[in-house]
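The values are calculated or read from the model by the stated rules, or taken from the named source; none is laboratory data. As the structure is a prediction and not an experimental result, all values here were calculated from the model. Cβ atoms come from the backbone with ideal geometry, glycine included; neighbour counts cover every protein chain shown.
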Amino acid sequence: MADNAPEQDRNLAGQRPWDGRELPDARGHFDRLGGKFVPEALYAALAELEEAYEKALVDPDFGAELNDLRANYAGRPTPLTEAKRFSVHCGNARIVFKREDLNHTGSHKINNVLGQALLTRRMGKKRVIAETGAGQHGVATATAAALMGLECRIYMGKVDTDRQALNVARMQLLGAEVIAVESGSATLKDAMNEAMREWVATVDETHYLIGTVAGPHPFPKIVREFQRVISTEARQQFLDTYGRLPDAVCACVGGGSNALGSFADFIPDASVALYGYEAGGDGVETGRHAASINGGSVGVLHGTRTYLLQDEDGQTLESHSISAGLDYPGVGPEHSYLHDAGRATYEPVTDAEAMEAFRLLTQTEGLMPAIESAHAVAGAMRLGRRLAQTDPDARPLIMVTLSGRGDKDVRTAIRWFGLTGEVDATQGGDPVELPADRAAHAEPRPEEL
Amino acid sequence: MTAPGNCTPIFDRAAAEERAVFIGYLPVGYPTVPGSLDAMRALVDPGDGPGADIVEIGIPYSDPMMDGATIQRAATRALERGVRVRDVLAATEAVAAAGATPCVMSYWNLIEQYGCDAFARDFANAGGAGVITPDLTPDEADEWTPATDAHGVDRIYLVAPSSTDDRIKLTADAARGWLYATAVMGVTGARDTTSEAGHVLTQRIRRISPDTRVGIGLGVSDGAQAAEIGAYADAVIVGSALVRTLIDADDTGRPDDLTALRALTSDLARGVRAR
C-alpha cells in the first residue's frame, strides 16, 4: 500500500517552485531514447529555447508570472473528484479523478501552452506555430497567443479538422489561422511534419509550440516540466484529503503529455503504480491502432528516438484511433524509457472499451470525458477489477487524470452510439421542441432580453 | 577540416577544370524503380555533353522533414508504388556503372532500421561513396561514425545559415568528403532567385575550416543559378527542379519520357562550367 506519511516539506500546489530533474541528460537522452534528430537549421533554435528555459527556471519573476496565470487565468488548482457511483463498476477500487477538464480551454493543454508562450515572449519572438490532433492543444495555443498578442498558425490533419470542427471554429474565433494538412494520413503526425517544415523556414521569428512530450530535446523535458503541475497538485491533494498517496495513477497516452504530467512527481514514490493507456483502436492484433509501445518498436520520428509504429524499412505506419488526440504513431521518449525501465505499465485500450467507459462515466457521474481521457477511464476500470480479483479485501485508491472534457467529441459520440440528435416523442410526454405557432409567440425569458 | 573521402577525387578534378561539381538529386522508385534508374543514367549522361558528377540518390521516406512539396510528392508516390530501402543499392550500382559518383540522401530512421553498420557495408559494396543525412548531425552519430569509418563511406552533414561558428567547426571536423550547405533557411524546392545567404555561409565555412569542400543546395533550378553558385561554391546541388521534370512527365501519362530531364541536366552542366 501507499506511503501514508504526509510530507510536510512539500508546499501546497502551485506554490512549490518548479525545477528540472536528472533525466534527460545534457544531450536530451533518456538512456538510449530521446535526443535531437533534426536538420542542422533547427539547432540554433533548440539551443535558444533551452537557454531561455534554463534562465526562466531560475528567474523568480517567470515563476511568479506562470503561477499567477495558472491560478487566475487557467483556474488552477484543479480539484480531485471521487466518483462513487462510477467506482461501483471498478471492482473494489475507489476512483478519484484529477480534473484537468476544468482548466480554461477544457483540457490540460493550457498548462504547457502558458509556459511556452511566456518563453516565446522572453525569446523576443512574435509568432507561434503548433500542431494539433483533437484541437485541444490548438485551442490552448490560440488562446495563449490571443492573451499575449502573438501571431498564431495551427497545423491540423484534414481528417482531424473534419472530426473536430468545433475546435477548428474555436481556434479561428481566437484569431488563429488553421491549416488543414492533406498529406500522408492527414492526422496529427502529418500536422507535426508540416509544422516542423515551416519551422525550418521561419525559425528566426517563430517558436514551434510543441504540444506534447515528443519531438527533439528540449521539448520532451520542457513540456514535462510545464505539465508536472498536475502531479505536484494531485500528490498534495491526496495527502490532504486521504492522508496517503494513491495506489495507482492512470492516464491516457498519445504523445503522453498529460500522462507524464500526472506521473512526474509520483515517479520517486515506489508505492504508486503508474499506468499509461494507449489507443488500441480496433485492437493491437488488427494492426489498426495507435499503441506505439504495445504495438511498435524503437526508431526515430519527429526528432526523437522512441517507440513508434513502423514497417521493417522504418517507414512510419498510419495509426488509427477513434480519438483524434491519441491518433499518433509515436510516443514521448520518456514514456518509452519508463516502459523499458519497468517503472510504468502501458496497456492498450480499444475504441470500443473507451466508448463504453465514456458512456458509463457520463451516465453515472455526469462527467463527460474527452474520448482521450475515456481511454484512461476504461483502463482504470480494468485495473480496479483486476486488483479486486487479486485481493478482494483491498480498497485501492486509483487516481485517473481526466485530461479534457468531451464537448468536442459529441459528434463522434453521436455517430458511435447511433444517436440521431432528435427527440423521440412517441413514448409519451411532451415533445421538447415548441410547435411553430407557440414558438413564434413565446415570451422571451428575462435573460434573453 | 573535413577529412578527405571518396568524393574528394571528383572535387579535385572539377577544381582542376576550374568549375564546380554538379550534384543532381533524384529519388529511387519514382516514377518506378526501373524508371528511376533510367532517370539517374540520363542524369549522368544526358546525351549531348556532360551530366551530373555526383548523383544524390534519395530514399523515399514517409515523414520527410527537410523536403518541400515537389520531392515529397515524388517520394510519396514511390512509396505507394512499392519502393523499398534496399532498392537504393541497385540505384547505387547503376549510377556507379554509368560513371558518376553515387551518394545517398536518407532520413536517419531508414538507416537505423536497416542497421547502421549493415547499411554502410552494403552501400560501400554497391559502389556508394557517401551518405547525406538531413536529420542526423554529428551529435547523434555515435554509431554512424565507426560504421562509416569501417566501410570507408563519406559522412556528409548539413550546415545552415543559422549554424553558429562552433557548430560549423564541429560539423566540418566530423564530416568526411564534403559539407552540404543549405543556401536558405527552409526546405527543398526550386526558387526563382538564389539567396545571398549561400555565399555568406560558404565564406564562413572557408574561414572556419579552409580546406572543407562545400556544396550548396536548396533552391537551385537552372543553369544561370548554377553558374552563379558555382562561382563561389565547390559544388552545386539541384533536386526539386530535376524531380519536377519527372512529375510533369508522369502527370501527362509519359512517365518514361526523360526529354525534359536531359535538357535541364545539360543546362545545369553548362552552368557549373560557366563560372
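Within the range B:85-103, take every residue that is within 14 Å of chain A (Cβ to nearest Cβ) and in contact (Cβ under 8 Å) with a residue 40 or more places away in the chain and give me the one that is nearest to A:PRO39 (Cα to Cα).
Filtering first and then ranking leaves B:VAL88.
Take the residues in the range B:104-150 that are of a type in the set (Phe, Trp, Tyr) and in a helix (DSSP H, G or I), then tell me which one is nearest to the other protein chains (Cβ to nearest Cβ). Let's see the steps before the verdict.
In the first step, residues of the range B:104-150 are kept if they are of a type in the set (Phe, Trp, Tyr); the result is B:107-108, B:114, B:119, B:123, B:144.
If we keep only those that are in a helix (DSSP H, G or I) as well, we get B:108, B:114, B:119, B:123, B:144.
Values: B:TRP108: 5, B:TYR114: 7, B:PHE119: 11, B:PHE123: 15, B:TRP144: 12 Å.
For the range B:104-150, the residue satisfying everything is B:TRP108.
Anything in the range B:61-77 that is touching a strand residue (DSSP E or B) at 6+ places or on another chain (Cβ under 6 Å) and more than 9 Å from every other protein chain (Cβ to nearest Cβ)? List them, or say none.
B:ALA74, B:ALA75
Take A:ALA134 and decide whether it is away from chain B (no Cβ under 14 Å), farther than 18 Å from A:LEU326 by Cα, among the small types (Gly, Ala, Ser) and surrounded by 21 or more Cβ atoms within 10 Å (Cβ to Cβ).
no
Taking the range B:1-51 on its own, how many of its residues are in a loop (DSSP other than H, G, I, E, B), surrounded by 23 or more Cβ atoms within 10 Å (Cβ to Cβ) and of a type in the set (Ser, Thr, Tyr)?
2
Can we say A:ALA83 is surrounded by 19 or more Cβ atoms within 10 Å (Cβ to Cβ) and in contact with a strand residue (DSSP E or B) (Cβ under 7 Å, 6 or more places away or on another chain)?
Here the answer is yes, as A:ALA83 does meet what is asked.
Mind checking which pairs have a first residue in the range A:304-325 that is more than 20 Å from A:LYS109 (Cβ to Cβ) and more than 12 Å from chain B (Cβ to nearest Cβ) and a second that is surrounded by fewer than 24 Cβ atoms within 10 Å (Cβ to Cβ) and among the aliphatic types (A, V, I, L, M), Cβ under 8 Å, 6 or more apart or different chains?
A:TYR307/A:VAL298
Look at A:GLU356 and say whether it is more than 30 Å from A:VAL200 (Cα to Cα) and either acidic (Asp, Glu) or not in a helix (DSSP H, G or I) (or both).
Working: more than 30 Å from A:VAL200 (Cα to Cα): yes; either acidic (Asp, Glu) or not in a helix (DSSP H, G or I) (or both): yes.
Spelling it out, A:GLU356 is indeed more than 30 Å from A:VAL200 (Cα to Cα) and either acidic (Asp, Glu) or not in a helix (DSSP H, G or I) (or both).
Report, by residue number, each residue of the range B:44-84 that is hydroxyl-bearing (Ser, Thr, Tyr), farther than 25 Å from B:ASP267 by Cα and touching a residue at least 24 places away in the same chain (Cβ under 8 Å).
So the first thing to find is which residues in the range B:44-84 are hydroxyl-bearing (Ser, Thr, Tyr), and the list is B:61-62, B:70, B:76.
From the residues that got through so far, the ones that are farther than 25 Å from B:ASP267 by Cα too are B:61-62, B:76.
Passing the criteria: only B:TYR61.
Can you name every residue in the range A:280-313 that is assigned to a strand (DSSP E or B), within 19 Å of the chain's Cα centre (by Cα) and aliphatic (A, V, I, L, M)?
A:ALA290, A:LEU308
Within the range A:111-118, does at least one residue satisfy the condition of being surrounded by fewer than 24 Cβ atoms within 10 Å (Cβ to Cβ), out of contact with any helix residue (DSSP H, G or I) (no Cβ under 9 Å at 6 or more places or on another chain) and under 30 Å from A:MET192 (Cα atoms)?
No - not one qualifying residue is present in the range A:111-118.
Output the number of the condition that A:ARG244 fails; it satisfies all remaining conditions of (1) buried (at least 22 other Cβ atoms within 10 Å of the Cβ); (2) in contact (Cβ under 8 Å) with a residue 24 or more places away in the chain.
Evaluating A:ARG244 over (1) buried (at least 22 other Cβ atoms within 10 Å of the Cβ); (2) in contact (Cβ under 8 Å) with a residue 24 or more places away in the chain leaves (1) as the failure.
Against the conditions (1) in contact with a Phe, Trp or Tyr (Cβ under 9 Å, 6 or more places away or on another chain); (2) modelled with pLDDT of 95 or more; (3) of a type outside the set (Lys, Arg), where does B:VAL33 fall short? Just the number, please.
Here B:VAL33 clears every test but (1).
Inspect all residues belonging to the range A:276-296 and state whether any of them is away from chain B (no Cβ under 14 Å), of a type in the set (Phe, Trp, Tyr) and buried (at least 24 other Cβ atoms within 10 Å of the Cβ).
Yes, the range A:276-296 has at least one match.
Looking only at the range A:151-192, which residues are closer than 18 Å to A:THR120 by Cβ and not in a helix (DSSP H, G or I)?
A:GLU151, A:CYS152, A:ARG153, A:ILE154, A:TYR155, A:LEU174, A:GLY175, A:ALA176, A:GLU177
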